[in-house]
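First up is the structure itself, then whatever we jot down about it.
Just so you know, all these numbers are worked out from the coordinates, no wet-lab data involved. Since the structure is predicted, the reported quantities are computational estimates derived from the model, not experimental observations. Positions of Cβ are generated from backbone atoms using ideal geometry, with glycine treated the same way; all protein chains shown enter the neighbour counts.
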Amino acid sequence: MGLLEPGELIVTQRKNGKSRTIPLTSEARRIAQLQMSDVTNWQFLFTSKRRGGAVAEIKTGFAGAVTDAGIEDFRFHDLRHTFATRLNEAGVDPVTRRDLLGHSTIEMSNDYTHSSLEGRRRAIQVLSANQRDANSDYGKITSSRVRMVE
């Protein structure tokens, strides 16, 4: 693993035992710094008022936040699907997507990658633009392109 750069997180406790570096967007970094600088959070990114420090399990803290926000039918794991989909729609290559998600195979990352309605709309717009630009005879059946079998 290379040197950790400013604005990156390192995850040390993973299922496979290997650590992983995660680059953050400037906005994610700003929010993390704001959260950690709040004295009521005890310098932790994810806090538990009940425990008086860091949460024992991020999923538990997430579930509580979702409940407090009144959001229904939203699981912690849904964040992985959203992240994978956004990476794909941004044109991120499959290997980088796999590594950012922390998967061992591209196939596993593909299972988390979906299309969005906006992405499907853009795809149809691209298709439509390509058809307009194509030769006007494209797709037409003309006598020079068809031969009858007798």
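Relative to the present Cα-Cα distance, how much length would full extension add between residue 46 and residue 27 at 0.36 nm per residue of separation? Gain on extension, residue 46 to residue 27, equals 5.2 nm.
Working from label points 7 Å from Cα in the Cα-to-Cβ sense, the residue 82 to residue 69 distance is 0.6 nm.
Computed FRET efficiency, Cβ-Cβ of residue 95 and residue 37, R0 30 Å: what is it to the nearest 0.05? E between residue 95 and residue 37, to the nearest 0.05, is 0.25.
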